[in-house]
Number of protein chains: 2
Amino acid sequence: MKVLLVGASGAVGSAVAQALAGRHEVISAGRSHGDHCVDVTSDASVEALFAATGKVDAIVCATGGMFFGPLAAMRPTDFDIGLQGKLLGQVRVALFGQHALNDGGSITLTTGIDEPILNAVNASAVNAGVEGFVRAAAMELTRGLRINAVSPTVMTESLPVYGPYFPGFESVPSKGASTAAPCSACKSPPPVAHV
Amino acid sequence: MKVLLVGASGAVGSAVAQALAGRHEVISAGRSHGDHCVDVTSDASVEALFAATGKVDAIVCATGGMFFGPLAAMRPTDFDIGLQGKLLGQVRVALFGQHALNDGGSITLTTGIDEPILNAVNASAVNAGVEGFVRAAAMELTRGLRINAVSPTVMTESLPVYGPYFPGFESVPSKGASTAAPCSACKSPPPVAHV
């Protein structure tokens, strides 16, 4: 299969890339690494990505930023980070991606832990929102297309950044490091850390 | 109790207003009707609302637009209507409202039907997102503050607009019509219809 992996250099994405390598043709995309550079917050950028890839059999999306911080000090602009990043970012890939899939193809989005945790109201809302989108979108897809969301827990590789938010949670090693080369087409800064 | 009702002239809000009238001091707010005009998509507008109301004992929010339409033709900007309207709009009221509540006060947000329906991926995501926010926010509130989300089905009064989206669903009469007078402070257009 020809698989487009968006967010290929992140903790989750690099593990997915390793798992698929050798069995499928993996096209990697990310903010600054991979075969293609893409900004999932931009319609033009995502449309350009699919114009470059042509038809694919599967799309895996493991990208999108969120805000972590206490509710008491949270501002709407903080909350919007996750809405525009991990939620609308992934939805954007799905909306444009549905038209780039071969019959029977699949879209896989990424959510996160189901349990609410302190200082993560944005993550709780965004992950629930992704799941709500997937539940409804699955009914409308045609041509045998499928859409799913996967919910990894915190990655072992992400513990230095996100560990304090997940006390008591058992992390999962991503079992893979990114081998994606910097994209030659852009010089944007490295991606922010993601769960 | 002193209750601030945001979205008081909508199908849900007008029923809430009627239910609370006589038992509580209800302060109504809406885009163009009520004691105060407020645009829930604007930080400045929501901050001005709470500056005008002073401390309250409860906040009820029944407002925020969403997009209805088929997935196949949906654009990210369509999807963002619900993110900025019903999701971030209500979250904004909660974020600023937490600081305007007396000890032991409550915030009540509005979601919608849990079941995904055709042409409503935006509603499915937005309602799930509101619920995800509430689940996590409830853990962080202090001073005995509470937050909940209520999930009405489609209002009988909304059937002329939204009926075709809810085949097989039994509507619920709101048992109340808005008695809110147009706000004298603004001349904005009437609110869009909401579920």
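FYI, it's all coordinate maths here, none of it is from the lab. As the structure is a prediction and not an experimental result, all values here were calculated from the model. Counting neighbours? That spans all protein chains shown, and the Cβs are built from the backbone with ideal geometry, glycine included.
Would you mind ranking B:His99, A:His33, B:His36 so that the residue whose beta carbon has the fewest other beta carbons within 10 Å leads the list?
With the sparsest Cβ surroundings first, the list reads B:His99, B:His36, A:His33.
Choose one answer from B:Val46, B:Val60, B:Val172: the residue with the largest mean-square fluctuation in a GNM of chain B with alpha-carbon springs under 10 Å.
B:Val172
Tilt of helix B:11-20 relative to the longest C-alpha principal axis of chain B, in degrees (0 to 90, nearest 10)?
30
About the Cα centre of the protein assembly as shown, how large is the charge dipole given +1 on each Lys and Arg Cβ and -1 on each Asp and Glu Cβ? Please answer in debye to the nearest 20.
140
Can you find, among A:Gly144, A:Thr108, A:Asn122, the residue farthest towards the positive end of the dipole of segment A:93-147? Put +1 on the C-beta of Lys and Arg, -1 on that of Asp and Glu.
Farthest along the dipole direction, towards plus: A:Gly144.
Can you sort A:Arg75, A:Arg92 by how many other beta carbons sit within 10 Å, fewest first?
Arranged by neighbour count, lowest to highest, A:Arg75, A:Arg92 become A:Arg75, A:Arg92.
When the helix-only estimate is applied to the protein assembly as shown (DSSP H runs of n ≥ 4, each -39,500 (n - 2.57), divided by the residue count), what is the mean residue ellipticity at 222 nm, nearest 500 deg cm²/dmol?
-9500 deg cm²/dmol
What is the ratio of the Cα radius of gyration of segment B:1-114 to 2.2 N^0.38 Å, with N the residue count, to two decimals?
1.09
Please build a GNM for chain A, connecting alpha carbons under 10 Å apart, and tell me which residue among A:Ala15, A:Ala72, A:Ala120 fluctuates the most.
Maximum among the listed residues: A:Ala72.
To the nearest 10 degrees, how steep is helix A:88-97 against the longest Cα principal axis of chain A, on a 0 to 90 scale?
Roughly 10 degrees, rounded to the nearest 10.
Which net charge results when you count Lys and Arg as +1 and Asp and Glu as -1 among the other residues whose beta-carbon is under 9 Å from that of B:Thr111? Walk me through the intermediate numbers first.
Values: positive: B:Lys86; negative: B:Asp114, B:Glu131.
Value of the local net charge: -1.
Any idea what angle helix B:121-140 forms with the longest principal axis of chain B, computed on alpha-carbon atoms, 0 to 90 degrees, nearest 10?
On a 0 to 90 degree scale, this one is about 30.
Can you tell me the length gained on complete extension of the stretch B:Leu118 to B:Glu47, counting 0.36 nm per residue apart and subtracting the Cα distance?
Values: separation 71, 0.36 × 71 = 25.56 nm, distance 3.63 nm.
In short, 21.9 nm is gained.
Tell me the relative contact order for chain A as a rounded percent, counting alpha carbon contacts under 8 Å between residues six or more apart.
28
Dividing the alpha-carbon radius of gyration of segment B:17-61 by 2.2 N^0.38 Å (N being the number of residues), what value is obtained?
1.16
Among B:Thr142, B:Thr153, B:Thr108, which comes first, then next, by fewest other beta-carbon atoms within 10 Å?
On the way: B:Thr142 9, B:Thr153 16, B:Thr108 20.
Lowest to highest Cβ neighbour count: B:Thr142, B:Thr153, B:Thr108.
Springs between alpha-carbon atoms under 10 Å, Gaussian network over chain A: tell me which of A:Val126, A:Val40, A:Val134 tops the mean-square fluctuations.
Sorting by GNM fluctuation, first place goes to A:Val134.
Quick check on the protein assembly as shown: what does the Kirkwood estimate of hydrodynamic radius come out to from the alpha carbon pairs, in Å?
Answer for the protein assembly as shown: a Kirkwood hydrodynamic radius of 21.8 Å.
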